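S.K.: Below are the C-alpha cells for one structure; questions will follow.
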C-alpha cells in the first residue's frame with residue numbers, strides 16, 4: 001500500500017513526481033503556499049495528511065500553518081471527494097420553492113449527508129447558499145451542469161446521467 005491513499009505503485013510514482021515538479025515550479029517564490037496547495041489538490045484530488053507534511057517541510061513552515069490555511073479556505077479538502085460534485089442550492093429563492101425537499105431527497109438518492117462522499121467515490125453532496133440561478137429555482141448543480149426547476153422525483157434520473 002502506498003504512503004498516500006490506495007493508489008497503485010505506478011500511480012504513486014507519477015503523483016510524487018508531479019508534486020516534486022510543483023515544488024520546483026514555485027521554489028523560492030514568496031507566497032507560494034496557496035498555489036502549491038491548489039496544485040497538490042489537483043494531483044491527489046484532495047490533500048492527504050502526508051502531502052501536507054511534505055509541503056510544510058518543503059516550504060520550511062510549521063505543519064500547523066499549512067493545516068490552518070487548508071482549513072480556512074473552503075476550496076481545500078482533507079478527505080477524498082467524489083468524481084461528481086452535487087450542489088443543492090438552499091438560497092432564498094430555492095428555499096421558497098422547495099429547496100429543502102430537494103436536498104432531503106438528494107440525501108436519500110445518494111445515501112450521504114452534506115459534505116459527505118459516497119463509498120464508491122462517485123458523488124460528493126454539498127449545500128450552497130446560492131448558485132446565482134434564482135430564476136430556475138430550485139436548482140441542483142452536478143459538476144458544471146445546472147439543473148433547474150427541480151422536483152424531488154427528478155433527482156434519481158439526474159444522478160443516473162453521471163454514472
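Any read-out appearing in this document is the output of simple, stated calculations on the displayed coordinates, not a laboratory observation. Please read all numbers here as calculations on a predicted model, not as lab measurements. Cβ atoms come from the backbone with ideal geometry, glycine included; neighbour counts cover every protein chain shown.
S.K.: Every residue in region 105-128 that is free of Cβ contacts under 8 Å to residues at least 40 places away in the same chain and not in a loop (DSSP other than H, G, I, E, B), please.
M.R.: Matches in region 105-128: 107, 108, 117, 125.
S.K.: For region 19-71, how many residues are exposed (fewer than 12 other Cβ atoms within 10 Å of the Cβ) and outside any helix (DSSP H, G or I)?
M.R.: Counting residues in region 19-71 that are exposed (fewer than 12 other Cβ atoms within 10 Å of the Cβ) and outside any helix (DSSP H, G or I) gives 7.
S.K.: Based on what the data block shows, is residue 131 in contact (Cβ under 8 Å) with a residue 12 or more places away in the chain and more than 29 Å from residue 48 (Cβ to Cβ)?
M.R.: It is true that residue 131 is in contact (Cβ under 8 Å) with a residue 12 or more places away in the chain and more than 29 Å from residue 48 (Cβ to Cβ).
S.K.: To continue, here is another question. So is residue 122 within 13 Å of the chain's Cα centre (by Cα) and within 20 Å of residue 160 (Cα to Cα) or not?
M.R.: yes
S.K.: Going through 82, 91, 115 one at a time, which residue ends up being buried (at least 16 other Cβ atoms within 10 Å of the Cβ), touching a strand residue (DSSP E or B) at 6+ places or on another chain (Cβ under 9 Å) and within 25 Å of residue 34 (Cα to Cα)?
M.R.: Within the list 82, 91, 115, the selection yields 82.
S.K.: Quick one: what pairs do we get from region 30-48, first residue free of Cβ contacts under 8 Å to residues at least 12 places away in the same chain, second surrounded by 15 or more Cβ atoms within 10 Å (Cβ to Cβ), C-beta under 8 Å, 6+ apart or different chains?
M.R.: 35/26
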